[in-house]
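Heads up: the structure comes next, in structure tokens.
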Amino acid sequence: MIQQNLYAALRAAFPADLDAIAVEAADSPEPLHYTWRDLDRGSAMIANLIDSLALPPRSRIAVHTDKSVEALMLYLAVLRSGHVYLPLNIAYQAAELDYFIGHAEPAMVVCARRHFGWVGPLAFGLGTKHVYTLDDDRSGTLLDRAALHADSQAPALRQAADLAAIVYTSGTTGRSKGAMLSHGNLLSNARVLKEHWGWVGGDVLMHALPLFHVHGLFVACHAALLGGSRTIWFNRFDPRAVVARLPDATVFMGVPTMYTRMLAEPSLTPEACGLMRLFVCGSAPLRPETFEAWRERTGHTLLERYGMSETLMLTSNPYRPEDARRAGTVGQALPGVGLRVCDDKGRPLPAGEIGGIEVKGPGVFQGYWRMPEKTADEFTTDLWFKTGDLGTLDAQGTLRIVGRSRDLIITGGYNVYPAEVEGYLNELPGVAESAVVGVPHPDFGEAVVAVLVAAPGARVDEAALAAGLKARIAGFKVPKRLLLLPELPRNAMGKVQKNLLREQYRALFSA
Ligand code: MCA
Ligand code: AMP
């Protein structure tokens, strides 16, 4: 059996000089440098700790921590151990974690120390055997225990189809689903991106994305590791701090909100981008105004690409020539990716027509964790994955995304499923019914807005409702505005006409 553990492939790409700097933690109080040897040894010690627990094969290891270089080591350790990494947004609260942990049944959970008081009982109550803590200051029981273990470890033998990670995503409809990604899915996509985006020795990645989504964890980290490139690492995105370090970097990856916030920094100049060769943008629609403003301000053209948790990266604007990158498009299919636009009967449409985007390729996931019917629903009979995005291809195969067939809001790169927020809202005292929609927002691209009808005789207060929601769900899902209407607009079938609400509140956040 040939070793196809992703860690083995990443490790093979480490530079010969293991004492060279791999990661510089840029927002730690004192300068903190991690060599390639540190990454290898640190992840080996954590992997040995995991191995010592003798977990059942394919155990899920759920991680609900702040971003840190040690959290990256934990991810690498899970790969090495051959178990399945399950990243969770640190903003998720008890009700959200209850669902993920109940559904994925992780054998091990790692959480922030300040959350242990509620994550511990929740996870133990749902059958998790081991709960450790990890903070972003290199403390916590995970590292304490790992320190007792040897600093070398042979990665578990894994095949390309073996699971490496489960990433929960709002998917197309219904409750969050766990997209199962294999070692082969992740490695093939990483190799394609390294090649396609011209990764070279000497590149320096500026990493400021969260570590619990595909963009920050896989697209950015794998590219740097596979490129043997140094990373300037920010645990938090601070536009001023990132712009200040741009002169030392060559590649940056971000969501549109990050670019608009950097544009608001007067220090963003062509000189500040001196050595930069690539700015990648994705996860949410990039406004042509931002694309143009970035070019004007920095002399660089953003490279917009498109992907999903279920498929990894699918399309990319050209790397070269830079002036072939087009605002409002997400480029062409990456090598190995099949891309078509189909009508609602599944028939491929000619260039220029709008339809559902369907894809095939080595990055396409292995199915939704414990949801075989949902998996089957999202594939056509000839095994194309239905993305739920609507788009149009031109004669050259350049894709333009024009909307989504599913009711989903993307705010600042985070996906929010309106039905979930409506469910929580409707449980709050005084609320008879609600409709949650996304409307344009200058910072987040789209903002979550709730329109409510009060129960007869009830007095509802926007701030109190927002506070009620905030106590239960992640902050980014909480509507930026809650608006009261005497009734919701409905069509003849009684269905809420969300398009009318989106239209009515289009300008709610316009300057
Ligand atoms: C934070 N807040 C938000 C968002 N982020 N509200 C709406 N949308 C958001 N995205 C709220 C918080 O709830 C909080 O509210 C307040 O803003 C400050 O929170 P903080 O954490 O300090 O926010 P921030 O640091 O300013 O975060 C903004 C951000 C972040 C850096 C743009 O949202 C972010 O990192 N987004 C990237 C997400 C990402 O990686 N997406 C990739 C997934 P309050 O003050 O009221 O409590 S998509 C993917 O992986 C696919 C495959 C792909 O194509 O890439
Ligand atoms: P998720 O898999 O939950 O992380 O989100 C994937 C979704 O993000 C896709 O289905 C698209 O709707 C959206 N997305 C990703 N990249 C882009 C992009 N460049 N432009 C528009 N939407 C995007």
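Here the chain exposes an accessible surface that is 55 percent carbon and sulfur, computed with a 1.4 Å probe and the other protein chains kept in place. Derived scalar couplings between HN and Hα for the range 417-426 equal 9, x, 4, 5, 5, 4, x, 5, 4, 5 Hz in order, rounded to whole Hz, by the Karplus curve 6.51 cos²θ - 1.76 cosθ + 1.60 (θ = phi - 60°), x for Gly and Pro.
I'd like the distance between the alpha-carbon centres of the range 86-103 and the range 242-260, rounded to an integer number of Å. When both Cα centres are located, 29 Å separates them.
The modelled label-to-label distance for the pair Ser510/Ala395, using points 7 Å beyond Cα in the direction of Cβ, is 3.6 nm. Can you pull the Kirkwood radius for the chain, inverse mean 1/r over Cα pairs, to one decimal in Å? That comes to 23.8 Å for the chain. Taken one residue at a time, the phi angles of the range 481-491 give Karplus couplings (6.51, -1.76, 1.60, θ = phi - 60°) of 9, 10, 10, 9, 10, x, 7, 8, x, 10, 8 Hz. Gly and Pro are set to x. Here Lys498 is the anchor, and the lysines within straight C-alpha reach of less than 22 Å, apart from those fewer than 8 places off in the same chain, are Lys477, Lys480.
Residue-wise HN-Hα couplings along the range 243-257, as the Karplus relation 6.51 cos²θ - 1.76 cosθ + 1.60 with θ = phi - 60° gives them from phi, are 4, 5, 9, 3, x, 9, 10, 10, 9, 9, 10, x, 8, x, 4 Hz; Gly and Pro carry x. Given their separation in residues at 0.36 nm each and the Cα-Cα distance between them, Met1 and Phe124 gain 40.6 nm when the chain is fully extended. For the chain, the Cβ-based charge dipole about the Cα centre amounts to some 600 debye (Lys, Arg positive; Asp, Glu negative; other atoms uncharged). For the range 1-158, what class follows from the C-alpha gyration tensor (a ≥ b ≥ c being the square roots of its eigenvalues): rounded when a/c is under 1.5, otherwise prolate if a/b is larger than b/c, else oblate? Oblate is the answer for the range 1-158, as a/c is 1.5 or above yet b/c matches or exceeds a/b. Listed by chain and number, the aspartates and glutamates placed with their C-alpha closer than 13 angstrom to that of Lys374 are Glu310; residues fewer than eight positions away on the same chain are left out. Remark: the chain carries 40 Å² of accessible area per residue (probe radius 1.4 Å; ligands, DNA and RNA excluded).
Rounded to 0.05, the FRET efficiency of the Ala20 and Gln159 pair, given R0 = 30 Å and the Cβ-Cβ distance, is 0.40. Our summary of shape: the Cα atoms of the range 233-333 have principal axis extents of 34, 30, 22 Å, ordered from largest down, in whole angstrom.
Among beta bridges identified by DSSP and lying wholly in the chain, the antiparallel ones come to about 60 percent.
Residues whose amide H falls under 5 Å from that of Val204, counting only those 5 or more places apart or on a different chain, are Thr250, Val251, with hydrogens built in the peptide plane.
The values are calculated or read from the model by the stated rules, or taken from the named source; none is laboratory data. Predicted, not measured: the structure shown is a model, and the values here were computed from it. Here Cβ is always computed from backbone atoms with ideal geometry, including for glycine, and neighbour counts include all displayed protein chains. These area figures cover heavy atoms from the full protein model, side chains too; ligands, DNA and RNA do not enter into them. Shrake-Rupley method; radii C 1.70, N 1.55, O 1.52, S 1.80 Å.
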